[in-house]
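Below is one structure, written out as structure tokens, with a few remarks after it.
Just so it is clear, none of the values below were taken in a lab; they were calculated from the coordinates. Everything quoted here is computed from the prediction, not taken from an experiment. Every residue, glycine as well, gets a Cβ built from its backbone with ideal geometry; the counts of neighbours run over all protein chains shown.
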Amino acid sequence: MADETAAASKAYLTPFNMVAGIIVLLGVIITVLRFTGGLAAVTNLSDYNPWGIWIGFDLLVGVALAAGGYVTSAAVYLFGMKKYHSAVRPAVLTGFLGYALVVLALHYDVGRPWRLPYPFIVQQGSTSLLFEVAACVALYLTVLFLEFSPAALEWLGLKRARRLAVRLTMALTIFGVILSTLHQSSLGALFLIAPSKLHPLWYSSYLPIYFFITSIIAGLSMVIFESTLSHHYFAAKMDANHLREKDGIALGFGKAASFILAGYFAIKVIGLAADDNWHWLGTGYGFWYLVELVGFVLLPCFAYAVGVRDKNLKLIKWSAVWTVLGVALNRLNVSLVAFNWHLPSGERYFPHWMEIGISLFIVTIGVLAYKFIVTRMPILYEHPDFQGEH
Amino acid sequence: MSLTRRKFLSWLGAATVSTTLGQAAQAASNKHFSGYPQSHGVLFDNTRCIGCRKCEEGCNQVNELPGPDRPFNDLAVLDKPRRTTAKAYTVVNRYENDGMLQGPVFRKIQCNHCLEPACASACFVRAFTKTATGAVIYDPSVCVGCRYCMIACPFEIPAYEYDQALVPRIMKCTLCYPRIVKGLLPGCVEACPTEALTFGRRRDLLRTARERISQFPERYIDHIYGENEMGGTSWLYLSGVPYREVGMREDLGITPAPQLTAGALSAVPMVVGLWPVLLTGVYAITQRKEKIVKAEQEQAVAAAREQARAEAQAQLAQALAKAAQEKEAAIAREVKKALEEAAKVPTEQAAAAPPADTAQTPTEEES
Ligand code: SF4
Ligand code: SF4
Ligand code: SF4
């Protein structure tokens, strides 16, 4: 008996669980500090720098990287690419978890989180891009929840409810694409109101379009990246179908990502020309801009293309990671690095370690939730009772 | 779902309507809003300011803000540039100048009460209102604390109570709204000993400012800051040195903030209107393609089945034919045998053989 408990607790004491445990514990402590001492106690935010990494990373990067859900379900259900079907459920699940965590992170950042519904139920600030973002994110979270629900209902064995949820697939997919188009682009448009604060190389009236296009790129790359990770850790959970389609998905999505990256590079150059920003390229910010544009757009675009041509899955997987980092870099540049560039360095923002702690905490919750769900629900395999039904 | 969707569409409707109507005024209108005709403002003339910080003190008192970190008569704080904070709606900064004027130049900072405020257009709960008095006021009872207004304000005015755990507010100058509606002067204006601050109708202030410039052209830069900056502000400035030398941005342009986001906002109804149509179209094409493929497949299957059936039939016929042939052959054989038997009988009878033999032969044949 005593041996058994020892064995059980040993099984839980994996390095992964220990690290996750420490992060969660730390997260809980910082949470208490945040809600007793205010933002001043745990962040480096200031009157000049009202937004830090909880917006720059948790919101902007988070939403971009959760784009896999709408990209994949649109590809499969709207564009009829049935051969990618096994990618839908994992992508929708990560999308759902991603958005849920974005909303969770906002509860830390805003001053009075229980008022988050106010913009809808008390007064609508409809001239604000943030209103559009909030409305679409709230609705899209609901859509993702419904899109995800068949998996949970299959797990629970609720056939009638599941059939109902599945019947909504088409409508939900279309609605999801509309909402995603709107809020992915609006996140970029948030910064349109501050031309005097954002560096001209990053400020552009095309910001909404840039954000929308990069969300597609991020979505495609995240699907490849996640499938690599899932295959590494949860291969036992994958069914034959999933394993068979996996490489085709990497090739197909990699090819699409390469094309869209090329298009994105082109419109970035058009933006540069439209605002006649060439002279900025010679400055320090210009160098950083080129690092982003060449190092994290053009090069991964080539890497993807070569990977697809040679059917080199390893290269495709690395290109996916590279691209994801590139999109993250872009969001951080717009919201933090190039924002407030005019201020003296003493007034600039750098995150407090506790801000990073909360961001890590939230990512960890996401990983734990993902793990909990894929080891239980039919995400990476088809439920035997519902084979080929969706 | 239809309910949420209807609600969603009504929000979009609200977005579109408020862009074309109303004082919220803000997006997507090509009309230039030049302010409420009777609205008030303050003119700050930095050639008259002596940097005494009396306005800071007056503001602190009328707004009942927490006491200052350093007493208001301590002028050493002017050594470092400061900005508005949650505890100070207004601050005065000192700038050395090496130009024609002797001595330093001062600048008073507070909310400029824009005619079309960026903060108000950015707030997603409409916590800010541009009132007819000219004052832009803030309602803490709806504020969520997202701090987008601070991102939006081009003059970097709104401050936030970062040390409040649960009830933080945005803090900024109110143009002493509660006082001016009662006919009182703003606290800072009242406290100013040198009349560097003048309160009045914005129109009159513009006229006064122009008069001062034309009367003393050598004393002033020929520009009234705030007349057109960011679409115009209720607070106006006169300066003896170029504005950038006293930390005021000259690159803000004259586009009111709401116009910066008008394009993006007007794209919303387009996306909502067009996407469903396009996507359903794409879906329909996909469906049709699949249907065609399916139909072709079915045809192929049917054809294959037909062929198989025909083949099977042919085989059956063949088999039947063969069977018939075999039967015929067997009959022929039997007949032949019978004939042979018959032929044998007379010979045997002639040889007088025993009849047992004849009985035996057919038995062997059968087996
Ligand atoms: S100065 Fe800033 S805070 Fe004041 S009204 Fe204008 S935008 Fe709003
Ligand atoms: S912090 Fe408050 S006032 Fe400012 S934009 Fe957000 S909700 Fe509006
Ligand atoms: S108008 Fe009132 S609130 Fe504004 S700076 Fe002057 S005293 Fe302060």
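Some points to look at:
- Straight Cα distances below 19 angstrom link B:LYS344 to the aspartates and glutamates B:GLU334, B:ASP357, B:GLU364, B:GLU365, B:GLU366, with same-chain residues fewer than 8 positions distant left out.
- Aspartates and glutamates with Cα under 18 Å of A:LYS246, excluding same-chain neighbours fewer than 8 positions away: A:GLU226, A:ASP310, A:GLU382
- 17 Å reach of a label modelled at B:GLN287, 7 Å along Cα-to-Cβ, counting backbone N of region A:45-84: A:74-82
- Environment charge of B:ALA329, counting only residues whose C-beta is closer than 13 Å and scoring Lys/Arg +1, Asp/Glu -1: +2
- For chain A, the membrane-span-like helices by this rule, meaning whole DSSP H stretches whose C-alpha atoms cover at least 18 Å of axis and whose Kyte-Doolittle mean is 0.0 or above, are A:15-37, A:88-109, A:129-156, A:169-189, A:207-234, A:240-274, A:313-332, A:353-374; this says nothing about an actual membrane.
- Taken residue by residue and averaged, Cβ atoms of other chains lying within 10 Å of the Cβ of A:112-124 number 5.
- Neighbour-count ranking [beta-carbon atoms within 10 angstrom, fewest first] of B:THR129, A:THR181: B:THR129, A:THR181
- Label-point separation, B:LYS336 to A:LEU158 (7 Å along Cα→Cβ), nm: 8.4 nm
- Among A:ASP275, A:ASP385, a tally of other beta-carbon atoms within 10 Å of each Cβ gives an order, fewest to most, of A:ASP385, A:ASP275.
- Label-point gap, in nm, between B:ARG249 and B:THR194 - each point 7 angstrom along Cα→Cβ: 2.8 nm
- Residue with peak Gaussian network fluctuation, chain A [Cα springs, cutoff 10 Å], from A:LEU192, A:LEU168, A:LEU129: A:LEU168
- Cα gyration tensor shape for region B:16-266, rounded if a/c is under 1.5, else prolate or oblate: oblate
- Legend: calculated FRET efficiency, B:ALA317 to A:ALA266, from the Cβ-Cβ distance at R0 = 51 Å, rounded to 0.05, equals 0.15.
- Our coupling estimate for region A:343-349, obtained by passing each phi through the Karplus curve with A = 6.51, B = -1.76, C = 1.60 and θ = phi - 60°, is 7, x, 4, x, 9, 6, 9 Hz, Gly and Pro reported as x.
- Partner shielding of A:36-49 amounts to 5, given as the average count of beta-carbon atoms from other chains within 10 Å of each residue beta-carbon.
- Look at the stretch B:122-131: the mean tally of other chain Cβ atoms within 10 Å of its residues' Cβ atoms is 6.
- Of the GluC sites (Glu not before Pro) found in region B:200-241, the ones in coil according to DSSP and having at most 11 other Cβ atoms within 10 Å of their Cβ are B:GLU218.
- Taking each of A:LYS268/A:LYS314; A:LYS197/A:LYS317; A:LYS237/B:LYS291; A:LYS82/A:LYS311 in turn, the alpha-carbon distance tops 26 angstrom for A:LYS268/A:LYS314; A:LYS197/A:LYS317; A:LYS237/B:LYS291.
- Taking other C-beta atoms within 10 Å as the exposure proxy, B:VAL189, A:VAL28, B:VAL91 rank A:VAL28, B:VAL91, B:VAL189 from fewest upward.
- Additional length obtainable on full extension of the chain from B:GLU298 to B:ALA76, 0.36 nm per residue less Cα span: 70.9 nm
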